[in-house]
Amino acid sequence: MTTAPPRPALVPKPTSRWARLRRRHGWLIVTAGFLLVLFFWRFSQLPKFGGFELRTITAGAMVVAFLGMGQAIVIISGGIDLALGAAMVFANCLSALWMKGQHTGMCFLLAIAVIAIGAAIGTIVGTTIVLSRVPDIVVTLAYLFVLSGAALLILNQPGGGTAQGFRSAVAGGLSQPLPSILWTVGVLSVLWMPLKRSTLGVKLYAIGGNRAAAYLAGVDVSRVRVVAYTLGGMFAGMAGVINTAYTGSGDPRSSIGLAATLSSIAAAVLGGVALTGGVGGLVGPVLAAVVLGLIPAIMLGEGVDPNLAQVVQGCVIIVVVMIGTWLAVKRRAT
Amino acid sequence: MSETVLQVRNLAKRYGPVVALRSVDLDIKRGEIHALLGANGAGKSTLVKILSGVAQADAGSIMLTGRSVRFRNPSQARAAGLATVFQEPALIGELTVRENLSLTHSDPYQVREALASFGVSDLQFDELVRDLPLFLLRLIDLAKQLVLSPRVLLLDELTAALPSDITERVFSVLREAVRAGQSILFISHRLAEVMELCDRCTVLRDGCNVETFEPRDGGEGRMVAAMLGTPPEQLTARESRVIHHTQEQVPLLDVKHLTVGPLRDVSFSVHKGEVVGLIALEGQGQDVLFAALAGEYRPSSGQIVVCGKPLSARGPADAIRQGLVLVPADRATALLPKRPIRENLTLPLYARFRSWGAIRWKAEKRRIEDVVRRLAIDARAGAAGRLSGGNQQKLTIGRWLASGFQVLLLFDPTRGIDIGTKRQLYVLIRDLAAAGAGILMFTSELREISLVADRVLVLYNGQIIEELPPDTDEETLLSACHGLEVAR
């Protein structure tokens with residue numbers, strides 16, 4: 001039987017370039033727009049806007065941005081890590097403990113070591129989840145307590161220190177916004193962009209999007225899940241080191257870890273990462289972290305009670321995610 | 001003389017107390033297209049799972065080209081040369097075609113060529129998989145596996161979602177692959193296709209292989225007979241009941257031109273005192289039909305009329321309020337397994353919003369005891385989850401007794417239940433009908449439908465294709481389920 005000519009009516013009309021762009025980056029564009037609006041609002045509030053003001057925004061958001069990136073990777077792969085904030089606190093205390101009295105070069109080496117330890121913690125968490133078959137929420141909740149306790153063990157009250165050179169290099173001097181911006185953009189371009197396009201990146205999205213189909217297609221689901229938690233831990237290590245550079249000390253109080261975890265989830269969700277997995281990226285959470293940081297500053301500038309800041313942050317998250325999800329569902333229904 | 005490329009011996013698998021495969025032998029020769037046939041529950045899907053690496057056998061051996069193999073996951077099976085096209089496409093909806101191909105390291109050029117041979121030439125690989133129709137996904141999945149040039153290609157109900165002209169092209173591609181030395185294990189309900197395509201076929205029944213023969217040696221009739229086997233112990237037939245209803249009487253349930261999901265223009269009615277049986281092979285749309293009747297899905301077109309009033313349900317709660325209740329197939333989803341029996345029985349009563357006050361157990365006690373006695377539920381086990389399958393099924397039906405209904409929808413109520421409890425259930429169903437309810441029952445137990453139904457509807461490919469009297473023999477019923485023409 002000779003093959004007949006193909007029937008063009010079989011394949012549905014391909015989605016237009018514009019529609020595809022809008023689908024892939026729609027959320028990001030909206031978040032960036034929102035950020036721009038808030039940015040100019042803040043700009044208009046201040047009598048003068050120079051390096052100091054900009055640095056306050058960017059360096060202040062850095063910790064949440066990096067934690068949000070780590071959480072985003074875990075959520076995209078279909079999991080969640082409640083211990084991420086506590087891992088950050090642990091990394092913060094460990095680096096502050098070790099870096100005290102050291103010179104800048106040594107601090108950088110120690111930073112790399114702490115980040116590696118963060119990744120190792122992530123591997124342990126991920127392996128526990130995969131081997132025990134206990135849901136990730138339960139396992140990471142348990143590790144939240146373990147890591148909070150461990151932080152208190154190594155540093156039982158705020159203390160430690162780091163080299164001034166290290167602080168300026170990572171978080172920038174009081175009027176230098178550039179280091180914080182460069183580090184964040186740098187990590188995104190050097191770590192995330194290549195990962196996203198690599199086979200590992202596709203596998204992360206695959207197991208988050210449809211774990212069963214990924215398994216049938218031959219993906220080693222367990223191994224990729226562990227890698228996701230390892231990467232999350234690595235970012236938590238980075239966030240901890242950045243916190244040491246920003247504050248100049250280590251703070252083991254567990255309340256910080258809990259708040260940080262919630263902020264990381266908020267940043268991820270606001271940045272377009274769906275809690276169901278398989279959707280989103282890392283740029284969104286970074287922008288969302290800055291948005292979340294701007295809200296209390298703007299409120300202070302408007303003379304509104306800054307204690308309302310958290311309420312406003314929560315409302316913003318609900319409204320944005322609600323609209324975003326509603327739009328996504330509407331698109332799917334047509 | 002072509003050698004055996006896949007040899008399965010004494011394969012066995014059980015899931016807890018359920019024996020899925022008893023002892024299966026299978027031989028597939030090099031360069032042959034071998035069909036695997038069997039009724040629902042015969043063990044086909046378990047065999048596919050084991051061969052594809054998704055599950056592991058409890059006993060038995062698999063030899064692929066003479067080497068003994070044991071697959072721990074699908075990639076091991078593929079690496080050994082056994083590629084499977086699953087019923088559910090192994091593709092991720094949120095990713096593009098290109099990204100899905102990169103997951104399995106499939107060469108896009110080769111996949112494109114393979115798709116062209118099926119007649120699909122202008123597929124953009126940057127499309128998201130979830131925007132593509134199901135048949136295209138199956139073709140992509142098939143192309144991915146063909147590109148691997150596997151020794152054995154396992155096709156699980158491949159043609160179910162394909163339009164017929166594509167199927168022809170796929171067949172010619174498969175024949176070419178087989179001429180080149182590959183082998184194919186073809187699983188299908190479509191006996192006509194098996195006749196057209198396959199060199200040999202093996203029939204599974206009750207977890208064993210019972211016959212292997214060439215399709216032309218006996219035809220579809222032989223296939224159906226082999227799937228059925230010898231009739232089991234005869235259950236005592238019920239006395240024939242004469243249903244008194246005139247044409248003018250308003251039916252309890254009237255389905256008019258229902259179209260939803262895979263169902264097309266389905267129309268039938270259930271009258272007071274009637275038990276209507278529905279039979280079908282797997283995946284012909286019966287679950288969607290019951291879900292739509294129960295209020296879970298909104299139909300695309302058509303109407304469901306209950307006691308003369310059209311059903312407008314935003315969910316099962318509305319359907320229940322109008323008198324349509326569903327006993328689902330999966331007892332696990334129907335019951336609250338950790339709660340005691342009495343809570344399960346009275347749950348529908350308290351499902352309404354108003355009842356938030358204290359539950360007056362003493363007042364309910366009599367009603368509960370009445371139901372328990374009537375159904376002869378063995379109530380020694382405290383929590384519902386500990387009951388035997390049969391008792392659980394009685395419970396799922398029983399709770400509607402406590403709250404009342406008009407139309408009872410039963411989805412495969414006797415699956416996996418022992419013969420004694422089955423008899424009790426059939427008596428109960430007939431009693432309910434005699435008391436004035438209307439009952440629609442989907443069942444996979446063809447041999448028992450005569451005990452309980454007044455008429456039998458056959459669902460095939462989303463349409464009701466036949467209505468048969470309940471005393472029709474099993475062979476004719478099964479043939480009808482396969483879409484074959486039957487003499488009344």
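Considering only the stretch B:138-158, state which residues are more than 20 Å from residue B:49 (Cβ to Cβ) and more than 10 Å from chain A (Cβ to nearest Cβ). Quick ask: steps written out before the conclusion?
Quick first cut of the stretch B:138-158, residues more than 20 Å from residue B:49 (Cβ to Cβ) only: B:139-140, B:143, B:146-147, B:149.
Correct list: B:140, B:143, B:146, B:147, B:149.
Note on the stretch A:239-334: enclosed helices (runs of 4 or more DSSP H) holding 3 or more residues that are under 18 Å from the mean Cα position of the chain (by Cα), of a type in the set (A, V, I, L, M) and buried (at least 24 other Cβ atoms within 10 Å of the Cβ) are A:254-270, A:283-302.
Residue-by-condition table, conditions (1) surrounded by fewer than 17 Cβ atoms within 10 Å (Cβ to Cβ); (2) among the small types (Gly, Ala, Ser); (3) at pLDDT 90 or above:
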{"residue": "B:226", "(1), (2), (3)": "no, yes, no"}
{"residue": "B:240", "(1), (2), (3)": "yes, yes, no"}
{"residue": "B:244", "(1), (2), (3)": "yes, no, no"}
{"residue": "B:257", "(1), (2), (3)": "yes, no, yes"}
{"residue": "B:267", "(1), (2), (3)": "yes, yes, yes"}
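Considering each of B:47, B:64 in turn, give the residue that is in contact (Cβ under 8 Å) with a residue 60 or more places away in the chain and within 23 Å of the chain's Cα centre (by Cα). It would help to see each step written out before you state the result.
Numbers: B:64 fails: within 23 Å of the chain's Cα centre (by Cα).
The conditions single out B:47.
Go through the residues of the stretch B:304-320 one by one and say whether even a single one is in contact with a strand residue (DSSP E or B) (Cβ under 6 Å, 6 or more places away or on another chain) and within 30 Å of residue B:189 (Cβ to Cβ).
Yes, the stretch B:304-320 has at least one match.
Do we find that residue B:13 is without any contact (Cβ under 8 Å) to a residue 24 or more places away in the chain, under 25 Å from the mean Cα position of the chain (by Cα) and either surrounded by fewer than 23 Cβ atoms within 10 Å (Cβ to Cβ) or within 14 Å of chain A (Cβ to nearest Cβ) (or both) in this structure? No, not satisfied.
Kindly establish whether residue B:32 is within 14 Å of chain A (Cβ to nearest Cβ) and of a type in the set (Asp, Glu).
Details: within 14 Å of chain A (Cβ to nearest Cβ): no; of a type in the set (Asp, Glu): yes.
Judged against the criteria, residue B:32 is not a match.
If you go through the stretch A:189-221, how many residues are among the β-branched types (Val, Ile, Thr), in contact with a helix residue (DSSP H, G or I) (Cβ under 7 Å, 6 or more places away or on another chain) and part of a helix (DSSP H, G or I)? Result for the stretch A:189-221: 4. Scanning the stretch B:96-119 for residues that are at the interface with chain A (Cβ under 9 Å from one of its Cβ atoms) and either without any contact (Cβ under 8 Å) to a residue 24 or more places away in the chain or more than 16 Å from residue B:138 (Cα to Cα) (or both) gives B:99, B:102, B:103, B:105, B:116.
For residue B:90, the conditions (1) at the interface with chain A (Cβ under 7 Å from one of its Cβ atoms); (2) surrounded by fewer than 20 Cβ atoms within 10 Å (Cβ to Cβ) all hold with the exception of (2).
The single condition from (1) closer than 25 Å to residue A:141 by Cβ; (2) crowded, with 24+ Cβ neighbours inside 10 Å; (3) within 14 Å of chain B (Cβ to nearest Cβ) that residue A:222 fails is (2). Among the residues of the stretch B:159-183, the ones that are at pLDDT 90 or above, farther than 18 Å from residue B:53 by Cβ and of a type in the set (Ser, Thr, Tyr) come to 1 in all. Residues in the stretch B:120-136 that are part of a helix (DSSP H, G or I), in contact with a Gly (Cβ under 9 Å, 6 or more places away or on another chain) and either at the interface with chain A (Cβ under 7 Å from one of its Cβ atoms) or aliphatic (A, V, I, L, M) (or both): B:129, B:131.
Restricting the stretch B:66-87 to residues that are crowded, with 20+ Cβ neighbours inside 10 Å and β-branched (Val, Ile, Thr), which is farthest from the other protein chains (Cβ to nearest Cβ)? It comes out as B:85. For the stretch A:134-154, the criterion of being assigned to a helix (DSSP H, G or I), buried (at least 21 other Cβ atoms within 10 Å of the Cβ), touching a strand residue (DSSP E or B) at 6+ places or on another chain (Cβ under 9 Å) and of a type outside the set (Asp, Glu) is met by at least one residue.
The values are calculated or read from the model by the stated rules, or taken from the named source; none is laboratory data. Nothing here was measured: the structure is a model prediction, and the numbers come from that model. For neighbour counting, all protein chains shown are included, and Cβ atoms are generated from backbone atoms with ideal geometry for every residue, glycine included.
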